[in-house]
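The values are calculated or read from the model by the stated rules, or taken from the named source; none is laboratory data. Everything quoted here is computed from the prediction, not taken from an experiment. Glycine gets a Cβ as well: all are built from the backbone with ideal geometry, and neighbour counts include every protein chain shown.
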Amino acid sequence: MTQDNSTQPIGLRSLPRKQVLITFGGVMLAMFLGALDQTVVGTAMPRIISDLGGFSQYTWVTSVYIISSAVVVPITGKLTDIYGRKIFYIGGLIIFMLASILCGLSSTMNQIIIFRALQGIGAGVIMANAFIVIGDLFPPAERGKYQGFIAAVFGVSSIVGPTLGGYITDTLSWHWVFFVNVPLGLIVILLFIFFFPNFRPDNLKHSVDYPGVVLLILGVVPLMLALSWGGVEYAWGSGQIIGMFVFSVVALALLIWVESRSKEPIIPLAIFKDRIVAISSVLIFLTSAGMFGTIIFIPLFFQGVLGESATSSGSFITPMMLGVVFGSAISGQVLSRTGGHYRLQGVVGLALMAIGMWLLSRMNVDTTNATAIAYMVTTGFGLGITMPLYMLAVQNTVPYKLLGAATSSTAFFRSIGGSVGLAIFGSVMNNKFAAELLTRLPADFVAKVPQQQIDAIMNNPQILMDPQAQAQLQEIIGGMGDQSSAILQDVTQGLRDSLSISISQVFLYALVAIIVAFVVNLFIKEIPLRQHHDVGTDYTAKKEE
């Protein structure tokens, strides 16, 4: 007699193996689509700016995408717990595809910024669902190996993205960087329509926490804007940045008050009373901050300090991302096969990250490419080991009815951690660069160049990679007589030394974050990974006919 799958607990054993694997393949493709878009577009941005103008709006194209995707993640997680996953997953993909088409058709920077925000919403829905669906398809004891593959997708997209983006931009045009999302997106949507299991909630009446949604948006958007603009668009002490921070703090305080009284909060605060959830959230925040300390600033080191081209410096990040890929895959397999020793694996991964960060902090203008790559691989492998651990720890401890909200909350902490880390590290680099350069500029240069121009140089760590800025510097020094050549050489060397020291300082701050994470990891409680889903009475798997 055939069992009725409509009343079976959600998980691998309640669905045909073929359907599980096809669904998982679709999830990986969807994740790859969202992750690839970030790296592909980054390569095409100089050409977009050249065609559309609006260099002053350069950062907006990336910022609005990150902010909109970060905000929508926790909202999506909770709504899928109430209304089911499938409709949101397909809806997110449709939004992402339509926004991609609109981005490709954009004729002004304002248009592309608006459509990138819309694209970020679709990407946020996709990202939120990807990790949640792994929890739907597989019981905790089996999730590790599959989450390791999902985490590895980020690494692969980081490797493929820059090269693919450059090729498409040079061969076709920057418009096709966005249009290329459409055929892959259509394939994923068709896979989800026909094979994605329709996990529906029970028939109990649910309510949407609209005040929580509004306050979450009002709290997170100004926070991430302040972190993105601080020290770039506006000074950290400016009224705009301080005002956004104050507004964000008030909104988030109100959010906590509202969520503590809501019947079905967007972010269930009760889950953070669980020590595993609370500690995992802190660890995800810290490791994400540390990750940005390497991924963002390593290409800058290769270009500015070691003198590599932009193209080759981008390729040098590949070994680190390969370390992430292999570390994630191995960590996930070990986690599933050993029953869930995530604290022990966290010790190993964070120790490797710390060693790698310390080695990176010792790099200077004399460091060889081979040495730098060895340090990066060490850091990347350690990062890869940690990536699947803490989300799985959270999923293993919360009841299934909160799986979406809990999983998306950890993804939200990852986004916030990355933004906070990038803001702090950027300020550290800028301040250290200015202080170091002040002591290294030749006396003749300081005496003859107006202070305004000196300040412009000291506030631009990327001057070594900007051809226009270099031409202006040569023009300034060119009128200093017979000593011009020597002065230019001294100034250039001072710039490289200062940039090297300031980036080393960034790695040291990232090291502090990882050391703190290492200590916090020692306090996480290990509980055996469940061999089945803890469904309770809130969900049943209703497979569509």
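A few remarks follow.
- Residues of region 58-88 satisfying the condition of being aromatic (Phe, Trp, Tyr) and at pLDDT 85 or above: PHE88
- Here the helices (runs of 4 or more DSSP H) wholly within region 87-206 that include at least 2 residues being touching a Phe, Trp or Tyr at 6+ places or on another chain (Cβ under 9 Å) are 109-137, 140-171, 181-195.
- Every residue from region 182-241 that is in contact with a strand residue (DSSP E or B) (Cβ under 7 Å, 6 or more places away or on another chain) and modelled with pLDDT of 85 or more: GLN240, ILE241
Rundown of residues vs (1) surrounded by fewer than 23 Cβ atoms within 10 Å (Cβ to Cβ); (2) without any contact (Cβ under 8 Å) to a residue 60 or more places away in the chain, yes/no style:
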| position | (1), (2) |
| --- | --- |
| ILE67 | no, no |
| ARG85 | no, no |
| GLY91 | yes, yes |
| CYS103 | no, no |
| ILE114 | yes, yes |
| ALA117 | yes, yes |
| GLY124 | no, yes |
| ALA128 | no, no |
| VAL133 | no, no |
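- Any hit, region 337-344, residues being farther than 17 Å from VAL156 by Cα and of a type in the set (A, V, I, L, M): yes
- Test: THR311 is modelled with pLDDT under 80 and assigned to a helix (DSSP H, G or I): yes
- Subset of region 386-402 [out of contact with any strand residue (DSSP E or B) (no Cβ under 9 Å at 6 or more places or on another chain) and part of a helix (DSSP H, G or I)]: THR386, LEU389, TYR390, MET391, LEU392, ALA393, VAL394, GLN395, ASN396, THR397, LEU402
- Enumeration of residues in region 326-343 that are assigned to a helix (DSSP H, G or I) and surrounded by fewer than 23 Cβ atoms within 10 Å (Cβ to Cβ): PHE326, ALA329, ILE330, GLN333, VAL334, SER336, ARG337, THR338, ARG343
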